[in-house]
Amino acid sequence: SSYVSRLYLQDGAPVFETAAPVTSRGVFLGQVVVVRSVLAGPAALRLLNELLGPRGRMLVGNADGSLWTNFLRPLGPLDLPSGRGSFVDDGEARMVYASPIAGTPLLFAVSVPNADLLAPVKGLLWS
């Protein structure tokens, strides 16, 4: 059957495999496996920046937390909660929402610094 693998590092870049069976008249002949990089090019990164703001991040990683990427570089293991939560990245507290990617061992997450989320509220409280 078809599958999508966990992320793993190949030459320092996060990659995953997709595979599909090859059959002829109901007889399994083998499978086609394609290895794809998760890293994004400059145009895609600009689009992500426009969607989330300059400090927002989209992440994809293994559901077991063993490897994550921000589409720029591998981030290594992260203990991100599935659903809503928070974590610290480079010393900065961030809110995160992570959701499983159906039919895969992967999670997709969006994170924003707490300070960016709370700035408008603080402005209202102290004005």
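Table for the structure above
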read-out	value
Net charge of neighbours whose Cβ lies under 11 Å from the Cβ of R6, counting Lys and Arg as +1 and Asp and Glu as -1	-2
Solvent-accessible area per residue for the chain (1.4 angstrom probe, square angstrom)	63 Å²
Whole-percent carbon and sulfur share, accessible surface of the chain, 1.4 Å	60 percent
Solvent exposure, largest accessible area first (probe 1.4 Å, DNA, RNA and ligands not counted), of V96, V22	V22, V96
Ordering of 62-72, 78-88 by burial proxy (mean other Cβ atoms within 10 Å per residue, highest first)	62-72, 78-88
Accessible surface of Y97 - all protein chains present, 1.4 Å probe, nearest 10 Å²	120 Å²
Solvent-accessible surface (1.4 angstrom probe) belonging to L117, in square angstrom, nearest 10	90 Å²
Cα centre as origin, Lys/Arg/Asp/Glu Cβ charges: region 54-109 dipole, Debye	200 debye
Highest-first arrangement of 102-112, 39-49, where packing means the average Cβ count within 10 Å	102-112, 39-49
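The values are calculated or read from the model by the stated rules, or taken from the named source; none is laboratory data. Computed from a predicted structure; not experimentally measured. Note that we place each Cβ from the backbone using ideal geometry, even for glycine, and neighbour counts take in every protein chain shown. The protein model used for the area step is the full one, side chains on, heavy atoms only, and it has no ligands, DNA or RNA in it. Shrake-Rupley method; radii C 1.70, N 1.55, O 1.52, S 1.80 Å.
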